[in-house]
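Report on the following structure.
The values are calculated or read from the model by the stated rules, or taken from the named source; none is laboratory data. If you're wondering where the values come from, they're calculated on a predicted model, not measured in any experiment. Ideal geometry is used to build each Cβ from the backbone, glycine not excepted, and the neighbour counts take in all protein chains shown. When the accessible area is computed, the model is the full protein with side chains, heavy atoms only, and any ligands, DNA or RNA have been set aside. Shrake-Rupley method; radii C 1.70, N 1.55, O 1.52, S 1.80 Å.
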Amino acid sequence: MWCRRLACLFKVPCRLRGSTRHCSPWLPRDRRSVLAAVARRYHTAPGSLKCAWQLHGDHLELRYANTLMRFDFVWLRDHCRSASCYNTKTNQRSLDTASVDLGIKPKAVRVDETTLFLTWPDGHVTRYGLEWLVKNSYEGQKQQVMHPRILWNAEIYRQAQVPSVDCRSFLETDEGLKEFLQNFLLYGIAFVENVTPTKEDTEILAERISLIRETIYGRMWYFTSDFSRGDTAYTKLALDRHTDTTYFQEPCGIQVFHCLKHEGTGGRTLLVDGFYAAEQVLRQAPDQFELLSKVPLKHEYVENVGDCHNHMIGVGPVLNVYPWNNELYLIRYNNYDRAVINTVPYDVVHRWYTAHRTLTAELRRPENELWVKLKPGKALFVDNWRVLHGREAFTGYRQLCGCYLTRDDVLNTARLLGLQA
Ligand SMILES: C[N+](C)(C)CCCC[C@H](N)C(=O)O
Ligand SMILES: O=C(O)CCC(=O)C(=O)O
Ligand SMILES: [Fe+2]
């Protein structure tokens, strides 16, 4: 059941942070393609940034800026950015890809210092910037991380002295917002200070960076330990580290917490960087990491309390990685809400439990725990795809408000401010 071919994709040495260059040898490995290759190699004039190309039977090989790239001919035709193929006003393709002959091959190739020119059998000419090709080739992407992050344990996070942003600067200046978002993207948590402790003011914060994701808990929620909903969150009990809404097909991207009141003891918030823990698993036991990223699981929310009746099911592995560079983008970890495991045979289940234990041990290391006491006026934003939260048991009256945000819209705001997200 575990796809061999996919497993082999995971052999790339690229890691969660930083990147390992992984260049293939310049000569084609396969003898047939050597025979099919055009005998001569073509180089641009000496003095320029060196570019060399070779036309093979089924692809174009290009070496530029220390990157060896291989391009499929249909891909090349499909990515023509000429006026008839691509609308630069809308940034949309106008070429009908289905009209491209799957056996297409360029009839002429030329390279100057900055550009590759291909002439197609019908005479159409496509030009590609060499820099554009490096950036957009598979080989180029494989060396990149999509989301630059700083993985942390408590010590790393404290040492970094990540500043909280002031509410006014967050709401009124692009610099304040950008600084906040940069920290949020790097660490997966960020704080805004001096917020008026009301639900309305918290909503204004949320709307500054995203759209609020309305869920079965409402748009903006308040909660206390009144068990108004059928979930442990609505009690005074401790909650072990977890991510929320694992029972949605797409778990909520961001969670905002603002403690409006607490008259009592305990109730501190626990934060753990799930990607830091996952990276430790990858280092110690890559097979277990792989298993956690392949075994699909269900999480479930069944509620029947008062007028609230809900049944949610979400499916996905604990660790979600991009297959081309093995970069983690989502951890789904909630032992309370994990459903019956009926999607895996018994022997795989046992290996999965072992892997889950390794991850849990990492998540539970005291040095990975960041404890904070949320106070009125200080809003916390948590990347619910990365950072786990929990809380200590408490006494007395405690009221939290907050909301979930749609991840796409947070990243959209970040990109519009010039950040890589
Ligand atoms: C945040 N708020 C109190 C509204 C909901 C809590 C949801 C709790 C649920 N067990 C989960 O982890 O998703
Ligand atoms: O009460 C808390 O601090 C957090 C509870 C919780 O996990 C949640 O609301 O998602
Ligand atoms: Fe939670």
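Structural remarks
- Any hit, the stretch 248-257, residues being over 18 Å from the mean Cα position of the chain (by Cα), part of a loop (DSSP other than H, G, I, E, B) and within 16 Å of ligand 3 (Cβ to nearest atom): no
- When GLY266 is tested against the conditions (1) touching a residue at least 60 places away in the same chain (Cβ under 8 Å); (2) within 22 Å of the chain's Cα centre (by Cα); (3) more than 16 Å from ligand 1 (Cβ to nearest atom), the lone failure is (2).
- For the stretch 315-341, the set of residues classified as assigned to a loop (DSSP other than H, G, I, E, B), within 16 Å of ligand 3 (Cβ to nearest atom) and out of contact with any Ser or Thr (no Cβ under 6 Å at 6 or more places or on another chain) consists of ASN335, TYR336, listed by residue number.
- The single condition among (1) touching a helix residue (DSSP H, G or I) at 6+ places or on another chain (Cβ under 7 Å); (2) among the hydrophobic types (A, V, I, L, M, F, W, C); (3) open to solvent by less than 60 Å² (accessible area, probe 1.4 Å) that MET312 does not satisfy is (1).
- Yes/no for THR126 being in contact with a strand residue (DSSP E or B) (Cβ under 7 Å, 6 or more places away or on another chain), surrounded by 17 or more Cβ atoms within 10 Å (Cβ to Cβ) and over 26 Å from TYR322 (Cα atoms): yes
- Residues (open to solvent by 70 Å² or more (accessible area, probe 1.4 Å) and within 11 Å of CYS403 (Cβ to Cβ)) located in the stretch 193-209: GLU207
- Residue in the stretch 218-236 that is under 24 Å from PRO317 (Cα atoms), within 12 Å of ligand 2 (Cβ to nearest atom) and in contact with a Ser or Thr (Cβ under 6 Å, 6 or more places away or on another chain) present: no
- Residue-level analysis places VAL318 among those that are open to solvent by less than 40 Å² (accessible area, probe 1.4 Å) and among the aliphatic types (A, V, I, L, M).
- Hits in the stretch 240-256 - residues which are more than 8 Å from ligand 1 (Cβ to nearest atom), more than 13 Å from TRP385 (Cβ to Cβ) and open to solvent by less than 30 Å² (accessible area, probe 1.4 Å): ARG241, VAL256
- Against the test of being of a type outside the set (S, T, N, Q), in the same structural domain as ASP307 (by TED's automatic domain parsing) and within 12 Å of ligand 3 (Cβ to nearest atom), the options ALA233, ALA190, ALA206 yield a single qualifying residue, ALA233.
- Meets criteria (under 35 Å from the mean Cα position of the chain (by Cα), over 30 Å from ALA414 (Cβ atoms), of a type in the set (Asp, Glu) and not in a helix (DSSP H, G or I)) for GLU113: no
- Members of the stretch 277-293 found to be in contact with a helix residue (DSSP H, G or I) (Cβ under 7 Å, 6 or more places away or on another chain) and open to solvent by less than 30 Å² (accessible area, probe 1.4 Å), listed by number: ALA277, ALA278, VAL281, LEU282, ALA285, PHE289, LEU291, LEU292
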